[in-house]
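**Q** Take this structure first; my questions come after.
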Amino acid sequence: MAIWAIVPAAGVGKRMGTEIPKQYLSICGKTVLHHTLERLGRVRALSGVVLVLHPDDETPFSAGIPQNLPFRIARGGNERCHSVLNALKILEPELGSDDWVLVHDAARPCLRPSEVDKLIEAVGKHDVGGVLAAPVADTLKRANNEGEVAGTVDRTALYRALTPQLFRFHILNRALQLAADQNRVVTDDSAAIECLGLSPLIVPGSTDNIKITQESDLLLAEVIMQQQNSLGAESP
């Protein structure tokens with residue numbers, strides 16, 4: 001059974017408001033992408049990694065590439081879901097229908113490799129796959145058209161979707177191809193799977209698996225990495 005990781009890194013970082021894409025910004029002396037790839041490289045169950053880059057990305061790249069795993073480059077599409085689909089097409093000739101694909105955001109550099117192990121173990125016998133997710137802790141408000149509070153949402157069964165997300169190759173390929181054929185943009189891979197009427201497994205993940213979306217997240221990620229390192233838990 002093969003498990004290939006796909007790392008979408010084709011974003012240009014519009015929300016970040018920086019001159020360079022957020023995956024190339026620095027945390028603790030290394031780029032965000034370097035940290036992300038380095039941590040994935042410590043997951044022993046992986047068979048290989050596909051990195052998806054923007055078609056116009058001419059950044060010289062080698063840092064963080066797992067030396068112990070086959071490594072390939074794919075070109076990104078208009079949206080994240082298109083980028084993942086492009087990577088799947090590269091893998092299609094050699095992956096069986098029941099092999100697995102693990103998709104992880106390049107902008108989540110604080111990933112604990114042990115959590116990937118937990119995800120793989122939890123969904124190994126699942127017919128569809130699963131996602132790392134964290135229970136919603138904040139009180140949620142629903143707004144009306146005037147921007148006023150229209151009610152409080154019950155958060156009992158609500159989760160924040162994280163990555164990685166792990167799915168059977170043939171299911172994810174079919175789900176993302178269908179979304180593309182219907183010109184439907186999905187914000188994560190689980191959403192595409194759900195549109196097939198399937199139910200991925202929720203696997204509890206750590207809240208320190210943050211996504212870099214604004215400048216303050218870089219400082220938070222640095223604190224998290226320093227803490228992880230001091231505990232001898234996850235940092236290489």
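**Q** Quick check: anything in region 157-164 surrounded by 15 or more Cβ atoms within 10 Å (Cβ to Cβ), part of a helix (DSSP H, G or I) and among the aliphatic types (A, V, I, L, M)?
**A** No, that holds for no residue.
**Q** Provide a single number: the residues in region 55-75 that are surrounded by 17 or more Cβ atoms within 10 Å (Cβ to Cβ) and at pLDDT 90 or above.
**A** Result for region 55-75: 1.
**Q** Moving to a separate point now. Can you pull out every residue in region 121-135 that is among the small types (G, A, S) and touching a residue at least 24 places away in the same chain (Cβ under 8 Å)?
**A** Narrowing region 121-135 to residues among the small types (G, A, S): 122, 124, 129-130, 133-134.
Passing the criteria: A122, G129, G130, A133, A134.
**Q** With respect to the numbered conditions (1) over 19 Å from the mean Cα position of the chain (by Cα); (2) modelled with pLDDT of 95 or more, which one is the sole condition not fulfilled by T156?
**A** (2)
**Q** To continue, here is another question. Could you list all residues from region 175-229 that are part of a helix (DSSP H, G or I), touching a residue at least 40 places away in the same chain (Cβ under 8 Å) and under 28 Å from I27 (Cα atoms)? Reasoning before the result, please.
**A** Filtering region 175-229 down to residues part of a helix (DSSP H, G or I) leaves 175-181, 189-194, 215-229.
From the residues that got through so far, the ones that are touching a residue at least 40 places away in the same chain (Cβ under 8 Å) too are 176-177, 179-180, 189-190, 192-193, 215, 218, 221-222, 224-226, 228.
Passing the criteria: D189, E215, L218, A221, E222, I224, M225, Q226, Q228.
**Q** Separate question: Go through region 91-117 and give me each residue that's over 13 Å from V7 (Cβ atoms), buried (at least 16 other Cβ atoms within 10 Å of the Cβ) and out of contact with any Phe, Trp or Tyr (no Cβ under 8 Å at 6 or more places or on another chain).
**A** Across region 91-117, the qualifying residues are C110, R112, P113, E115.
**Q** Only one residue in R142, R184, R160, R168 is in contact with an Asp or Glu (Cβ under 9 Å, 6 or more places away or on another chain) and either within 30 Å of L85 (Cα to Cα) or of a type in the set (K, R) (or both), so which one is that?
**A** R168
**Q** Ok, one more. Looking only at residues in region 157-180 that are touching a Pro at 6+ places or on another chain (Cβ under 9 Å) and of a type in the set (F, W, Y), which one is nearest to S206 (Cα to Cα)?
**A** The qualifying residue nearest to S206 (Cα to Cα) is Y159.
**Q** Turning to a different aspect of this structure: Any idea which residue in region 66-107 is nearest to Q165 (Cα to Cα), counting only those that are touching a His at 6+ places or on another chain (Cβ under 9 Å) and part of a loop (DSSP other than H, G, I, E, B)?
**A** The selected residue is D99.
The values are calculated or read from the model by the stated rules, or taken from the named source; none is laboratory data. Keep in mind that this is a model prediction, so the values were computed, not measured. Using ideal geometry, Cβ is built from the backbone for each residue, glycine included, and neighbour counts are taken over all protein chains shown.
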